[in-house]
Amino acid sequence: MDLDIASVAEQPGREELWAQLDNCWPRFMMQDPTSGLYYGYVKTAYPEYALLAVDRDTGRAVAKAMSVPLAFDGDIAAGLPEGGWDWAIRTSAHDRLRGAEPTIVSALEILIRPDLRGSGLSGVMLTAMRDNVAKLGFRDLVAPVRPSGRSGHAHTPIDGYAHATRPDGLPVDPWLRVHVRAGARIVNVAHSSMVIPGTLAQWREWTGLPFDTSGPVEVPEALVPVHCDATQDQAVYVEPNVWVHHRI
């Protein structure tokens with residue numbers, strides 16, 4: 001496949017192509033209240049950090065890779081925040097408002113068009129993101145990785161799963177494996193990386209499930225059960241991710 005990979009800054013005005021990759025996540029995954037602080041300002045505040053891949057032969061969008069700059073002066077090797085994905089978005093928004101100079105970049109999303117998943121494009125887009133980070137003058141790329149194989153092991157402790165390896169020494173999880181093959185090091189688990197609250201009616205709408213009994217609710221493609229409190233009319237999804245560090 002002959003790909004044209006460019007940032008919003010390099011090729012603005014490709015709204016129709018970007019729209020081809022809308023609604024590719026499970027509906028509940030698009031309800032994180034923190035997400036608008038990034039996705040609502042991509043074109044104006046972060047155009048250099050948003051990459052779109054287009055198949056030159058078909059003219060169709062095939063993948064995107066989103067990242068965000070952060071002002072971080074801590075020791076990455078000592079551990080990154082429990083807040084993971086949400087923390088990265090909030091921190092970058094605060095940094096932008098206070099005029100702080102970014103020092104690292106955090107990945108937020110690499111999305112492959114559903115019909116092309118498993119074709120090796122995830123590694124291609126990760127390489128493109130790494131190259132873009134280097135081009136922008138940064139040496140450190142971190143990522144709160146959503147371990148894609150975890151959805152079938154929702155009751156396996158995340159800390160053990162994050163560090164589980166195959167006989168060849170690579171991670172059991174396929175998405176973590178892509179990162180490690182690219183040179184990343186697993187740092188720590190972000191236990192509350194993405195927090196999605198909602199009323200029971202909202203969760204019914206997002207998932208098609210009844211959400212009528214208090215307790216854990218297993219939702220397709222969720223990495224852990226959703227916490228349901230029928231007496232309070234609330235359910236909350238607290239997703240763990242795994243921080244990795246790429247030294248560029």
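The values are calculated or read from the model by the stated rules, or taken from the named source; none is laboratory data. Remember, it's a predicted structure, so these values are computed and weren't measured experimentally. Here the Cβ positions follow ideal geometry from the backbone for every residue, glycine too, while neighbour counts run over all protein chains shown.
Some observations on this one:
- Restricting attention to segment 33-65, the residues that are within 23 Å of PRO197 (Cβ to Cβ) and either free of Cβ contacts under 8 Å to residues at least 40 places away in the same chain or surrounded by fewer than 21 Cβ atoms within 10 Å (Cβ to Cβ) (or both) total 8.
- In segment 151-173, the residues that are more than 13 Å from PRO240 (Cβ to Cβ) form Cβ pairs under 9 Å with partners that are polar (S, T, N, Q) and modelled with pLDDT under 95, at six or more places apart or across chains, as follows: ALA164/THR156.
- Output for segment 110-140, where each listed residue is of a type in the set (Lys, Arg) and either within 17 Å of the chain's Cα centre (by Cα) or within 25 Å of ALA19 (Cβ to Cβ) (or both): ARG113, ARG117, ARG130
- Residue that is in contact with a Pro (Cβ under 7 Å, 6 or more places away or on another chain) and at pLDDT 95 or above, where the choices are VAL195, VAL145, VAL187, VAL180: VAL180
Okay, residues lined up against (1) among the hydrophobic types (A, V, I, L, M, F, W, C); (2) assigned to a strand (DSSP E or B); (3) within 30 Å of PRO220 (Cβ to Cβ); (4) out of contact with any Pro (no Cβ under 6 Å at 6 or more places or on another chain):
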{"position": "ALA6", "(1), (2), (3), (4)": "yes, yes, no, yes"}
{"position": "GLN11", "(1), (2), (3), (4)": "no, no, no, yes"}
{"position": "ASP22", "(1), (2), (3), (4)": "no, no, yes, yes"}
{"position": "PRO33", "(1), (2), (3), (4)": "no, no, yes, yes"}
{"position": "GLY59", "(1), (2), (3), (4)": "no, no, no, yes"}
{"position": "SER67", "(1), (2), (3), (4)": "no, yes, yes, yes"}
{"position": "GLY74", "(1), (2), (3), (4)": "no, no, no, yes"}
{"position": "ALA77", "(1), (2), (3), (4)": "yes, no, no, yes"}
{"position": "ILE89", "(1), (2), (3), (4)": "yes, no, yes, yes"}
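- Within this structure, GLY74 fails the test of being out of contact with any His (no Cβ under 6 Å at 6 or more places or on another chain), in contact (Cβ under 8 Å) with a residue 60 or more places away in the chain and either surrounded by 15 or more Cβ atoms within 10 Å (Cβ to Cβ) or more than 17 Å from MET129 (Cα to Cα) (or both).
- Sub-6 Å Cβ pairs linking a first residue in segment 196-221 that is within 16 Å of MET29 (Cα to Cα) to a second residue that is exposed (fewer than 15 other Cβ atoms within 10 Å of the Cβ), at least 6 apart or interchain, are PRO197/VAL236; THR199/ASP233; LEU200/ASP233; TRP206/ARG27, ordered by first then second residue.
- Members of segment 208-230 that are out of contact with any strand residue (DSSP E or B) (no Cβ under 8 Å at 6 or more places or on another chain) and either farther than 23 Å from ALA190 by Cβ or crowded, with 20+ Cβ neighbours inside 10 Å (or both): GLY208, PRO210, ASP212, ALA230
- Set ALA107, ALA182, ALA143, ALA162: member being over 30 Å from PRO216 (Cα atoms) and either more than 15 Å from the chain's Cα centre (by Cα) or surrounded by 19 or more Cβ atoms within 10 Å (Cβ to Cβ) (or both): ALA182
- Taken over segment 5-32, the criterion of being under 12 Å from ARG113 (Cα atoms) and acidic (Asp, Glu) is satisfied by ASP22 alone.
- Filter pass, ALA162 being farther than 30 Å from HIS227 by Cα and at pLDDT 95 or above: no
- Which listed residue is closer than 21 Å to PRO33 by Cβ and part of a loop (DSSP other than H, G, I, E, B), from PRO102, PRO81: PRO81
- Selection status of GLU205, of a type outside the set (Gly, Ala, Ser) and surrounded by fewer than 19 Cβ atoms within 10 Å (Cβ to Cβ): yes
- ASP233 of a type in the set (Asp, Glu), buried (at least 16 other Cβ atoms within 10 Å of the Cβ) and in contact with a helix residue (DSSP H, G or I) (Cβ under 6 Å, 6 or more places away or on another chain): no
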